[in-house]
Amino acid sequence: MESPKKNNDFIKNIISQHEGLKLEFKQNLSSQRKIAKTIAAFANTEGGTIVVGVSDKGKLIGIDVDEELYMVEEALHNYCIPPISLSFDIYEIDYWEDEKLTEEKYLLFLQIPKSPLAPHYVHQDKGAPVYYIRVKDRTLPQNTA
């Protein structure tokens, strides 16, 4: 794991925002296809940031960074057509709301730029790949016909 950053003010600022066109919170990544849909939607729309380790309500949860990075890499490799480039940062939080945590929590920030290679599709088990876009705080499939 690369060396995590520490910046509680930055984290608090991000968590205080609402999910929207360019921001999505995920407690964890339980499905490669689901995260591929969100990544593709950001790449196809205006770009954005996915914060893994925070609930939809903005509660700090924390994650196993290696496990979540594996899910992202596999999602990009197995589901995104054409491949999507993104960058990431890992943040470590050991104090929250002026209290020392019993153990550090980690967050993963995925930064997905608007892609010059769009449209990006997400491979399905059956049927044609699907094109997704971001509308407000939702990832929506689009008819491409």
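Being hydroxyl-bearing (S, T, Y) and within 30 Å of Y131 (Cβ to Cβ), is that true of even one residue in region 45-54? Checked against the condition, which is being hydroxyl-bearing (S, T, Y) and within 30 Å of Y131 (Cβ to Cβ), region 45-54 yields at least one hit. Checking the stated criteria, S55 turns out not to satisfy the condition of being hydroxyl-bearing (S, T, Y), surrounded by fewer than 11 Cβ atoms within 10 Å (Cβ to Cβ) and out of contact with any helix residue (DSSP H, G or I) (no Cβ under 6 Å at 6 or more places or on another chain). Residue pairs whose Cβ atoms lie under 8 Å apart, sitting 6 or more positions apart in sequence or on different chains, and linking a residue in region 114-130 that is of a type in the set (D, E, K, R) to a partner that is surrounded by 15 or more Cβ atoms within 10 Å (Cβ to Cβ) and part of a loop (DSSP other than H, G, I, E, B), are K114/T45; K114/G47.
Answer with yes or no whether E46 is within 24 Å of I11 (Cα to Cα), part of a helix (DSSP H, G or I) and charged (D, E, K, R).
Working: within 24 Å of I11 (Cα to Cα): yes; part of a helix (DSSP H, G or I): no; charged (D, E, K, R): yes.
Answer is no for this residue.
In the list L101, L107, L140, which residue meets the criterion of being surrounded by 11 or more Cβ atoms within 10 Å (Cβ to Cβ), part of a strand (DSSP E or B), free of Cβ contacts under 8 Å to residues at least 24 places away in the same chain and on the phi < 0 side of the Ramachandran plot? From the options L101, L107, L140, the qualifying one is L101. Of everything listed in (1) touching a strand residue (DSSP E or B) at 6+ places or on another chain (Cβ under 6 Å); (2) at pLDDT 95 or above, the single unmet condition for D94 is (2). Restricting region 34-52 to residues that are more than 12 Å from the chain's Cα centre (by Cα) and crowded, with 16+ Cβ neighbours inside 10 Å, the residue that is nearest to I84 (Cα to Cα) is N44. Out of everything in region 79-98 that is acidic (D, E) and exposed (fewer than 15 other Cβ atoms within 10 Å of the Cβ), what residue ends up being nearest to Q124 (Cα to Cα)? Residue satisfying both the conditions and the ranking: D94.
When each of S115, S3, S30 is tested for being in a loop (DSSP other than H, G, I, E, B) and surrounded by 12 or more Cβ atoms within 10 Å (Cβ to Cβ), the lone residue that passes is S115. Scanning region 91-117 for residues that are closer than 24 Å to H77 by Cα and out of contact with any Phe, Trp or Tyr (no Cβ under 9 Å at 6 or more places or on another chain) yields a total of 2.
Could you go through region 58-78 and let me know if any residue there is modelled with pLDDT of 95 or more, in a strand (DSSP E or B) and crowded, with 20+ Cβ neighbours inside 10 Å. No; the residues of region 58-78 include none that is modelled with pLDDT of 95 or more, in a strand (DSSP E or B) and crowded, with 20+ Cβ neighbours inside 10 Å.
The values are calculated or read from the model by the stated rules, or taken from the named source; none is laboratory data. Keep in mind that this is a model prediction, so the values were computed, not measured. Backbone-built Cβ (ideal geometry, glycine too); neighbour counts: all protein chains shown.
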